[in-house]
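Taking it in order: structure first as structure tokens, then the write-up.
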Amino acid sequence: MLKTVAVILAAGCGERAGFTRPKQLVKLAGRPVIAHALERFQLHSGVDEIAIVTSQACRDEIEELVRREHLTKVKKVLLGGHERYESSLAAIRAYEPREGETGPALIFHDAVRPLVSERIISDVIDGLAHYSAVDVAIPASDTVIVSDPDTDTITTIPDRRHTRLGQTPQGFHYEVIRRAYDIALSDPSFRTTDDCGVIVKYLPDQKVFIVPGAQCNMKLTYAEDLMIIDKYMHCNAARRHDATPEHILLSRIQDRTIVVLGGTSGIGFSIARLARAYGARVRIASRSTGVDIANEAAVRNFLHETAAESGRIDAVVNSAAVLERVPLVNMNMEEVEDSIRTNILGAFTVAKASYDHLRQTGGHLLFFASSSYTFGRAQYSTYSAAKAAVVNLTQALADEWSAVGIHVNCVNPERCKTPMREKAFGYEPPDTLLDPDDVARKALSILIGRSTGFIYDVVKNQGR
């Protein structure tokens, strides 16, 4: 069986796309974009080794990333060129076999495609067992037009049924891709945008097998793409949690120390109860137990006592909140300040007080948003505004604290059957509301993952 080497192409600068730094180093969910792509190949059992091709400007930062994220399969960090093909050539030359030996299978992947799936990587590797070149592509959903470059008019419109949009990774037997480039480099008019194109043009008798890609395996090209990729990432992460059997997923919290602020009722109570059932050490606090989350001294003392008793804190969950369904003009400033104090200032207080404890354990800080954060609701403007602030705080801290290994995420449940909601809205048909236990299961599953900077939506009938 051929040795399989994943080559991550990361030499672009990103200036033409409007980024202030190379696209591969732009933060996505608290980590550089390239870190997500590297992780997919690091975790894939069919990949034996990883090589990164980058620029001189990025090399130090990428080498530090490899050390920090314990990417043990990365064996080479190479320098590429201004053109994409020069980066491919750097990898081809770095893996030239000794005389009499066979070169490895090379799988080229764009560093700025962070959502490549395990399935796609597997399909490419499987394809290389039967073909010497493999591409990844998705059907073209829009009409593809070929234009005249001089007149900007249409020259032909290919049949959309036979057109596809190319993605990466692209896989090759070493001898085939090297031979194609040897021929290409002797062509004075050689130009290419991808490696399969070199095969198609210069080795026309060589079949290139196509495996299906995915819409979410998109390339970060423009600044606006980051928002789309971010949303795809959140959805994919939620699906991965849901795909793992609950008893296996939640069994991983056994013996962990979890603090639940707001843990005496509602979602917080469900989190505490289920965590204990799965063997976690749980400490709860709320205003009713004498811990107001907006009181920094009270929160710090509670966390210090918990750490002294348990020896560590692995996760801090802040589910404490207040919701008053009152028009803003009917609220006095004391009521406004109380809402802001708990829902916004409290989140900042919990974060600051948790930092030292979670830094020691590489732990998790978990906030809660609400569906009202995406679109402010009449009658509870302070609550809606606070939840939007919590989402932004989550993403900011995930970025700010990623270097010390703290994971910061946020759960965004739909309407949920809690005492707080019942007090604000009165009776609502139970079948229209989420069960707090379902939200708690999602929250606990996040605490045993590695994600950071995610906003996890929980909707009714989503499945566990």
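The values are calculated or read from the model by the stated rules, or taken from the named source; none is laboratory data. Since the structure is predicted, the reported quantities are computational estimates derived from the model, not experimental observations. Counting neighbours? That spans all protein chains shown, and the Cβs are built from the backbone with ideal geometry, glycine included.
In the range 156-173, is there at least one residue being in contact with a Pro (Cβ under 7 Å, 6 or more places away or on another chain), in the same structural domain as residue 93 (by TED's automatic domain parsing) and more than 16 Å from residue 4 (Cβ to Cβ)? Within the range 156-173, one or more residues are in contact with a Pro (Cβ under 7 Å, 6 or more places away or on another chain), in the same structural domain as residue 93 (by TED's automatic domain parsing) and more than 16 Å from residue 4 (Cβ to Cβ).
Let's see how each residue does on (1) assigned by TED's automatic domain parsing to the domain that holds residue 174; (2) in contact with a Gly (Cβ under 9 Å, 6 or more places away or on another chain); (3) in contact (Cβ under 8 Å) with a residue 12 or more places away in the chain:
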residue	(1), (2), (3)
11	yes, yes, yes
18	yes, no, yes
23	yes, yes, yes
34	yes, no, yes
39	yes, no, yes
52	yes, no, yes
64	yes, no, no
78	yes, no, yes
84	yes, yes, yes
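Scanning the range 393-400 finds one or more residues that are under 22 Å from residue 64 (Cβ atoms) and of a type in the set (Asp, Glu). Residues in the range 148-169 that are touching a Cys at 6+ places or on another chain (Cβ under 9 Å) and not in a strand (DSSP E or B): there are none. Taking the listed residues 341, 312, 359, 325, the one that is surrounded by fewer than 22 Cβ atoms within 10 Å (Cβ to Cβ), modelled with pLDDT of 90 or more and in a loop (DSSP other than H, G, I, E, B) is 312, with no other qualifying. Could you check the range 288-309 and list, in sequence order, the residues that are over 21 Å from residue 408 (Cα atoms) and surrounded by fewer than 17 Cβ atoms within 10 Å (Cβ to Cβ)? Hits for the range 288-309 are 288, 289, 290, 297, 301, 305, 308, 309. Residue 143 satisfies every condition listed in (1) in a loop (DSSP other than H, G, I, E, B); (2) in contact with a strand residue (DSSP E or B) (Cβ under 7 Å, 6 or more places away or on another chain) except (2).
Residue 411: touching a helix residue (DSSP H, G or I) at 6+ places or on another chain (Cβ under 8 Å), part of a strand (DSSP E or B), assigned by TED's automatic domain parsing to the domain that holds residue 344 and crowded, with 21+ Cβ neighbours inside 10 Å, yes or no? Break it down stepwise before answering.
Working: touching a helix residue (DSSP H, G or I) at 6+ places or on another chain (Cβ under 8 Å): yes; part of a strand (DSSP E or B): yes; assigned by TED's automatic domain parsing to the domain that holds residue 344: yes; crowded, with 21+ Cβ neighbours inside 10 Å: yes.
So residue 411 fits the description; yes.
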